[in-house]
Every structure is written in structure tokens, then in C-alpha cells.
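The values are calculated or read from the model by the stated rules, or taken from the named source; none is laboratory data. Remember, it's a predicted structure, so these values are computed and weren't measured experimentally. With ideal geometry, Cβ positions are generated from the backbone for all residues, glycine too; neighbour counts draw on all protein chains shown.
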Amino acid sequence: MQTLNVDLGDRSYPIYIGNNLLTQADLLRPHIVGKQVMIVSNTTVAPLYLAQLKATLGDQYQVAEVILPDGEQYKTLEYVNHIFDGLLKNRFNRTCTLIALGGGVIGDMTGFAASAYQRGVSFIQIPTTLLSQVDSSVGGKTGVNHPLGKNMIGAFWQPKAVLADTQVLKTLPERELAAGIAEVIKYGLICDPEFFQWLNINMPALLNQNDNTLAEAVYRSCLNKASVVAEDETETGVRATLNLGHTFGHAIETEQGYGKWLHGEAVATGMLMAAELSQREGWLSAEDVKAVRDILISANLPIVAPSDMSAQAFLQHMAVDKKVLDGSLRLVLLHKIGQAVITNQFNQDNLMKTLNSGVQ
Ligand code: NAD
Ligand code: MG
């Protein structure tokens with residue numbers, strides 16, 4: 001097992017990464033505040049791992065659970081309210097701990113509920129998707145969607161600990177695994193060129209879910225995210241580079257309707273578009289762009305935007321992106337592999353050529 005400390009002063013916390021951590025009471029118990037524990041999970045993950053988690057907690061706590069329906073469409077205030085209902089019905093007090101057992105949807109909702117219940121209680125993340133282990137469980141962003149915008153209601157709220165158990169990834173559908181790998185590749189591209197090379201070599205083992213390879217990929221991803229977050233907790237600067245591929249990707253997700261493309265799939269295509277624009281700006285070489293394309297293909301990720309998606313459709317969705325500042329579009333681009341920049345200094349023609357490249 002490896003332990004990584006997220007360094008945020010008095011809000012610092014450990015991320016434990018390894019195999020079969022869900023069975024290890026000595027990892028979990030020191031981070032539980034109080035005697036009341038609320039486990040939040042969903043109808044897919046609970047049948048797989050809830051019994052194990054409860055067995056690990058033992059009988060020294062008052063354990064309650066809220067099992068939510070599975071899906072991004074339930075990441076709403078209405079369903080967060082089900083968590084509050086459970087806490088109040090079971091008379092949970094301010095000294096209690098929420099445990100998120102699930103992917104990013106459950107993690108974001110549980111964290112948000114913890115930030116608001118009685119003005120803030122403790123919570124622990126047990127992320128069960130690769131995406132949530134390498135991304136959403138690190139950094140303290142919590143929240144829900146609003147009909148008018150994704151992740152628009154939320155809070156920064158840090159967990160007491162994160163348990164990233166690679167064993168639970170064994171039940172993950174293949175597409176979800178690949179979508180998580182897109183975010184793993186992202187760290188190599190934005191700030192860790194050695195990791196990018198390592199991923200090139202280790203992609204087959206990663207797809208085969210080799211325990212050590214998975215653990216190393218999660219560790220290195222969390223290390224990169226944690227260092228960016230420690231530098232810029234509330235995203236006033238460098239943290240925005242974590243959105244490489246996301247402006248293009250969100251446009252694809254929105255245009256297609258949520259659920260058709262997985263987030264990581266859209267980000268994969270978006271990262272290649274960012275690399276292509278970076279090449280047009282004269283920063284990346286043709287070989288660099290080929291390396292980006294090849295690694296995405298090797299991870300079974302899509303690399304071409306929907307053929308019927310026009311540049312106009314892209315621009316329309318990109319205009320509402322959170323990174324638009326004073327009316328000018330800012331994008332995360334690559335100066336080289338392993339060095340991302342956030343900039344509004346790019347040629348409009350180059351952008352249009354990039355947006356049109358998928359149209360047939
Ligand atoms: P998800 O939580 O919807 O999980 C994907 C699917 O896998 C679901 O059907 C889930 O039930 C299932 N699943 C989860 N664990 C499983 C397991 N071990 N075995 C079998 N099936 C399993 O999606 P996700 O990709 O984990 O997370 C996406 C969410 O995370 C989005 O809502 C996104 O906004 C959010 N997110 C948040 C941050 C952040 O910083 N807070 C960062 C990135 C993404
Ligand atoms: Mg993402």
C-alpha cells in the first residue's frame with residue numbers, strides 16, 4: 001500500500017492506495033469522527049461492496065445507510081435531500097461521519113451533503129471507479145447539477161481520508177475503466193512527461209487491471225492532482241490546467257446529451273483537439289500529436305468528434321464554459337507533452353480548423 005498526503009494545512013488528509021483496502025479496519029477507523037456513520041452508495045455499488053464495508057466498520061458505530069439510484073441524472077439537490085432525510089431520521093448529530101462508497105457521482109453528492117449538514121461534518125471517500133480514484137476524490141470539489149448547468153451548486157469541502165482500493169475496480173465495466181484512463185493520460189500530458197512514457201509502456205497491463213500497474217497509475221495521478229490542488233486549492237490559477245481537453249469535451253457531451261459519450265471519452269477526444277490546436281500554433285510537433293493519438297487509441301478511447309458536430313455547435317457550447325473570462329475564450333493547450341498552459345492567445349483560424357477537423 002502507498003500513502004499520499006494532500007497538503008492543505010489543517011485540512012490535510014491521506015490518500016491510501018492499494019489492493020483490498022476495503023477490508024482494513026485500521027485504515028478506516030482512525031479517520032471516523034464520532035460514533036455515528038452514514039454510508040452513502042447507489043443501487044449498483046451497494047450490492048457489491050456495502051456488506052464488506054459494514055463488516056470492516058464492525059459493531060462499535062451506529063451505522064446507517066442511504067442508497068441512491070444510479071446515474072448522473074440523480075446528482076441533484078432533490079437526491080442530496082434524501083441524504084439529509086436519512087441523517088435526520090436517524091438523529092445524526094454534528095459529530096458524525098459520512099462515507100461515500102461509489103463513483104464520482106456519489107462522492108460529489110456525499111461531500112456536498114457533509115459540507116452542509118449542520119454546517120459541516122466529516123466525510124471519507126471510498127471511490128470505486130478509476131475516474132473517481134484519480135480525479136474527483138482528490139481536491140475537495142463537491143456538488144450537484146442544476147437543470148441550467150452541470151456542477152453549478154456546490155462547495156469546497158475536504159475529506160478526512162480517501163481509500164482508493166484497486167480491487168473494487170475489477171467489477172467496473174470496460175468503458176468506465178477506459179474513461180478513467182483518459183483522465184490518467186491527462187496528468188502525463190499536462191505536467192508529467194515521464195508518466196506519459198510509463199503509460200505508453202504499461203497500457204496493456206493497465207487495461208488488464210494488473211494490481212501493481214493500477215496502483216501505480218492511481219498513485220502517480222493523485223500525486224499530480226494533489227500537487228496542483230495544494231498550489232491552487234480554489235482554482236484561481238494553475239488548477240485550471242486540469243481541464244485539458246475539457247472545454248472541447250464538455251461541448252461534445254452537451255451536444256450529444258449527457259450519457260451518450262462518457263465524460264472521459266469526450267475528454268479524450270478533447271485532448272487530441274487541444275494537441276492539434278497546439279500543433280497549429282507551432283508548439284507541438286507532428287510526432288507529439290501522433291503520440292497523443294496513439295496512446296488514446298491504445299486505451300480504446302474515441303479520438304474523433306461526432307461527424308455531424310459543426311464548429312458552430314462547438315463554439316456555442318464553449319462560450320458558456322467556466323473558463324471564459326471577460327468574454328474571451330481561454331483554452332488549456334500544450335507547449336509540449338508534459339507542459340500545459342491556459343491561454344487566450346491562439347489564432348482563431350487555427351481554432352476553426354481544429355473544430356472542423358471531425359466534420360465529414
Ligand atoms: P459514476 O459515479 O456515475 O460511476 C460510473 C458507473 O460505474 C455508475 O453506473 C456506477 O454505479 C458504476 N460503478 C461505480 N463503481 C463501480 C464498481 N466498482 N463496479 C461496478 N460498477 C461501478 O461516474 P464517475 O465517472 O465515477 O464520476 C463522474 C462524476 O464525477 C460526474 O458527476 C463528474 O461531474 C464528477 N467529477 C467530479 C470531480 C471533482 O473534482 N469533484 C472531478 C471529476 C468528475
Ligand atoms: Mg474530468
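Any idea which residue in segment 86-138 is farthest from ligand 2 (Cβ to nearest atom), counting only those that are charged (D, E, K, R) and crowded, with 20+ Cβ neighbours inside 10 Å?
To start, the set of residues in segment 86-138 that are charged (D, E, K, R) comprises 89, 91, 94, 108, 119, 135.
From the residues that got through so far, the ones that are crowded, with 20+ Cβ neighbours inside 10 Å too are 108, 135.
Details: Asp108: 12, Asp135: 6 Å.
The selected residue is Asp108.
Looking at segment 308-322, is at least one residue modelled with pLDDT of 95 or more, touching a Gly at 6+ places or on another chain (Cβ under 8 Å) and on the phi < 0 side of the Ramachandran plot?
For segment 308-322, residues modelled with pLDDT of 95 or more, touching a Gly at 6+ places or on another chain (Cβ under 8 Å) and on the phi < 0 side of the Ramachandran plot: absent.
If you scan segment 166-188, which residues turn out to be within 16 Å of ligand 1 (Cβ to nearest atom) and either within 19 Å of Leu223 (Cα to Cα) or outside any helix (DSSP H, G or I) (or both)?
Of everything in segment 166-188, those that are within 16 Å of ligand 1 (Cβ to nearest atom) and either within 19 Å of Leu223 (Cα to Cα) or outside any helix (DSSP H, G or I) (or both) turn out to be Thr166, Leu172, Pro173, Gly180, Ile181, Ala182, Glu183, Val184, Ile185, Lys186, Tyr187.
Quick test of your reading of the structure: Ile337 fulfils all but one of (1) surrounded by fewer than 19 Cβ atoms within 10 Å (Cβ to Cβ); (2) touching a residue at least 60 places away in the same chain (Cβ under 8 Å); (3) of a type outside the set (Lys, Arg). Name the failing condition by number.
Single failed check for Ile337: (1).
Yes or no: Val289 within 19 Å of the chain's Cα centre (by Cα) and not acidic (Asp, Glu)? Even if it seems obvious, please write down each step before you answer.
Details: within 19 Å of the chain's Cα centre (by Cα): no; not acidic (Asp, Glu): yes.
Taking the combined requirement at face value, the residue does not satisfy it.
Mind listing just one residue for me: the one in segment 240-270 that is in contact with a Lys or Arg (Cβ under 9 Å, 6 or more places away or on another chain) and farther than 21 Å from Ile342 by Cα and, of those, nearest to ligand 1 (Cβ to nearest atom)?
By that ranking, first place goes to Leu262.
May I ask you to verify whether Tyr49 is under 18 Å from Lys141 (Cα atoms), among the aromatic types (Phe, Trp, Tyr) and assigned to a helix (DSSP H, G or I)?
Numbers: under 18 Å from Lys141 (Cα atoms): no; among the aromatic types (Phe, Trp, Tyr): yes; assigned to a helix (DSSP H, G or I): yes.
Here the answer is no, as Tyr49 does not meet what is asked.
Can you name the residue in segment 236-249 that is within 13 Å of ligand 2 (Cβ to nearest atom) and surrounded by fewer than 22 Cβ atoms within 10 Å (Cβ to Cβ) and is also nearest to Gly149 (Cα to Cα) among such residues?
Once the filter is applied, the top-ranked residue is Ala240.
Identify, from the list Leu169, Leu207, the residue that is over 28 Å from Asp308 (Cβ atoms), surrounded by 19 or more Cβ atoms within 10 Å (Cβ to Cβ) and among the hydrophobic types (A, V, I, L, M, F, W, C).
Details: Leu207 fails: surrounded by 19 or more Cβ atoms within 10 Å (Cβ to Cβ).
Going through Leu169, Leu207 in turn, just one is over 28 Å from Asp308 (Cβ atoms), surrounded by 19 or more Cβ atoms within 10 Å (Cβ to Cβ) and among the hydrophobic types (A, V, I, L, M, F, W, C): Leu169.
Right, Val63: within 24 Å of Asp165 (Cβ to Cβ) and in contact with a strand residue (DSSP E or B) (Cβ under 8 Å, 6 or more places away or on another chain) or not? Spell out how you get there, then give the answer.
On the way: within 24 Å of Asp165 (Cβ to Cβ): yes; in contact with a strand residue (DSSP E or B) (Cβ under 8 Å, 6 or more places away or on another chain): yes.
Yes, satisfied.
For segment 13-46, what are the residues that are buried (at least 19 other Cβ atoms within 10 Å of the Cβ) and in a loop (DSSP other than H, G, I, E, B)?
Selection gives Ile32, Val45.
Test Ala313 against the stated conditions and say whether it is of a type in the set (A, V, I, L, M) and surrounded by fewer than 16 Cβ atoms within 10 Å (Cβ to Cβ).
Working: of a type in the set (A, V, I, L, M): yes; surrounded by fewer than 16 Cβ atoms within 10 Å (Cβ to Cβ): no.
Spelling it out, it is not the case that Ala313 is of a type in the set (A, V, I, L, M) and surrounded by fewer than 16 Cβ atoms within 10 Å (Cβ to Cβ).
Using beta carbons and a limit of 8 Å, which pairs, at least six apart or on different chains, have the first residue in segment 124-147 and closer than 14 Å to Ala100 by Cα and the second one among the basic types (Lys, Arg) and more than 6 Å from ligand 1 (Cβ to nearest atom)?
Going by the 8 Å Cβ cut-off, the qualifying pairs are Ile124/Lys160; Val138/Lys225; Gly140/Arg11.
Which residue is surrounded by the fewest Cβ atoms within 10 Å (Cβ to Cβ), if the candidates are limited to segment 220-235 and must be over 14 Å from the mean Cα position of the chain (by Cα) and either closer than 16 Å to Ser132 by Cβ or of a type in the set (S, T, N, Q) (or both)?
Filtering segment 220-235 for residues that are over 14 Å from the mean Cα position of the chain (by Cα) and either closer than 16 Å to Ser132 by Cβ or of a type in the set (S, T, N, Q) (or both), the one surrounded by the fewest Cβ atoms within 10 Å (Cβ to Cβ) comes out as Thr234.
Taking the residues in segment 115-138 that are touching a Pro at 6+ places or on another chain (Cβ under 6 Å) and among the hydrophobic types (A, V, I, L, M, F, W, C) as candidates, determine which candidate is farthest from ligand 1 (Cβ to nearest atom). Steps first, please.
The first filter runs over segment 115-138 and keeps only residues touching a Pro at 6+ places or on another chain (Cβ under 6 Å), leaving 123-125, 133, 137.
Within this subset, residues satisfying the condition of being among the hydrophobic types (A, V, I, L, M, F, W, C) are 123-124.
Working: Phe123: 13, Ile124: 15 Å.
Residue satisfying both the conditions and the ranking: Ile124.
Quick one: would you say Ser136 is within 16 Å of Glu72 (Cα to Cα), within 16 Å of the chain's Cα centre (by Cα) and at pLDDT below 95? So that I can check it myself, show each step before the final result.
On the way: within 16 Å of Glu72 (Cα to Cα): yes; within 16 Å of the chain's Cα centre (by Cα): yes; at pLDDT below 95: yes.
It is true that Ser136 is within 16 Å of Glu72 (Cα to Cα), within 16 Å of the chain's Cα centre (by Cα) and at pLDDT below 95.
Just give me the residues in segment 139-152 being surrounded by 15 or more Cβ atoms within 10 Å (Cβ to Cβ) and hydrophobic (A, V, I, L, M, F, W, C), in sequence order.
Within segment 139-152, just Val144 meets the criteria.
Being surrounded by fewer than 21 Cβ atoms within 10 Å (Cβ to Cβ) and under 23 Å from the mean Cα position of the chain (by Cα) narrows it down to one residue among Tyr61, Tyr79; which is it?
Working: Tyr61 fails: under 23 Å from the mean Cα position of the chain (by Cα).
After applying the criteria, what remains is Tyr79.
Residue pairs, Cβ under 6 Å, 6 or more apart or interchain, first in segment 244-266 and polar (S, T, N, Q), second away from ligand 2 (no atom under 14 Å from the Cβ). List them.
Matching pairs, first to second residue: Thr247/Met318; Thr247/Leu331; Thr254/His317.
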